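Notes for the one structure printed next.
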Amino acid sequence: MFARASTISRRAVFGLGIGSAFASIGASSSLSGSTFAASTSQGAGGPVRRLASLTTPSAEDRRDYATFVRRFVALDGRVVDTYNGGVSHSEGQGWGLLMAVSFNDPATFDRIHGWTRRHLRRPTDSLHAWRFQPQAKTPVDDLNNATDGDLYIAGALARAGRVWRRPDLTAEAKQIGQDILRLLVRRVGQRIVLLPGAYGFDRDGGIIVNPSYYAFPMMHEVAQVAPSGVWSALEADGLRLIEDGRFGKWDLPPDWLRVDQRTGALSPAPYWPARFSYDAIRIPLHLAWCRTGSPGALAAFWRYWEGQHPFPPSWVDLQSGTIAPYPADPGTRSVAALALRTRAGSEAGAEGSSLPSIGEADHYYPSALIVLSRIAMQEFSTIT
């Protein structure tokens, strides 16, 4: 059973209207982020990074990718969230683009890219509206962006521009990257944080962040085409945010996190359950993918997954310690298997942790996590 809590956790700040309610506060205060990015992006570029090169996917990887395209990518290039009434998100469009370039499928890439530009591109900058509702009178009724979606879109464009020698894609990735730095980066006390969207995340003396939006592999890609010292600062502080913002018996990060603007103190964000759940599962995906951070950055995740018997649960409440009464979906299990394989001292240390097949997943989100985990298993980017 796939019990995704999207109406409560994933995208909840948008879906419950909280983003709109915060808009009058967030729109003005986000200017400080713009000022910070502008002041620091004029210097030398970020650190040199050795990026992943395209590998030769296995037959199983190719089958899962083909199945994802067949099940979730419409003929016009829209990536369909089958669990949430057939809507689409900038996140899904970015994932589809990354999958297409990683599997050397330019035709599918161009379909997804064209639809994304036509329907989600915002009129005043290079970012993308977070949601498209095909049955609504106004399919895009909220022009706020979702930063994870923009990072994946820009990262996929940067990778495609490099691999396929497409300067048009490189230029577009650069524009998006520059707007991410200009509109979505904020200094909060001693931290540089990544806002989940351009507005709506500043309230009652705190900034709301989503640690899973720190898509480090995509930051590495975008930094190559939109060089700035901000990227390395954002990555370093993002890793510290994930390390410091852990709670409960298992010492895990929550889906949504509050940063106190005065003290810098971290706490699970109000308005969401204090859970390691459907959003936060992408944190170990990103950490394992690029092997960034301290050697023990994944240790808490290893302990959590290995300590749950007979099955890893779908979520854990970080305040009460309560775990979900049903098992994790195949997407979560796929990320767990990927993370366990990175255990220090043994690439084969989790030899039994094979990734689930997309055939085991019912819907878009776990299916996407499976394909992304397969890509991550094959190619790793590292800071050099």
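Kindly state, to the nearest 0.05, the FRET efficiency for residue 76 paired with residue 271, given R0 = 41 Å and r defined as their beta-carbon distance. Working from the Cβ atoms, E equals 0.70. Stretching residue 251 away from residue 190 to a fully extended chain increases their span by 19.7 nm, per 0.36 nm per residue minus the current alpha-carbon distance. On the basis of the beta-carbon distance and an R0 of 22 Å, residue 232 and residue 378 show a calculated FRET efficiency of 0.30.
For the stretch 251-325, the set of trypsin sites (Lys or Arg not before Pro) satisfying both a DSSP loop assignment and a count of at most 11 other C-beta atoms within 10 Å is given as 262.
The C-alpha atoms of the stretch 127-282 occupy a region whose extents along the principal axes are 48, 42, 28 Å, arranged from largest to smallest.
Using a 1.4 angstrom probe on heavy atoms only, work out the carbon and sulfur share of the accessible area of the stretch 157-241 in %.
Working: 1230 of 2530 Å².
Summing carbon and sulfur atoms, their accessible area is 49 percent of the total for the stretch 157-241.
Surface exposure of the stretch 182-339, expressed per residue as accessible area with a 1.4 Å probe, stands at 32 Å².
Per the Cα gyration tensor, the stretch 135-217 maps to an equivalent ellipsoid with semi-axes of 26, 19, 10 Å, ordered largest to smallest.
The values are calculated or read from the model by the stated rules, or taken from the named source; none is laboratory data. None of these values were measured; they are calculated from a predicted model. Using ideal geometry, Cβ is built from the backbone for each residue, glycine included, and neighbour counts are taken over all protein chains shown. The protein model used for the area step is the full one, side chains on, heavy atoms only, and it has no ligands, DNA or RNA in it. Shrake-Rupley method; radii C 1.70, N 1.55, O 1.52, S 1.80 Å.
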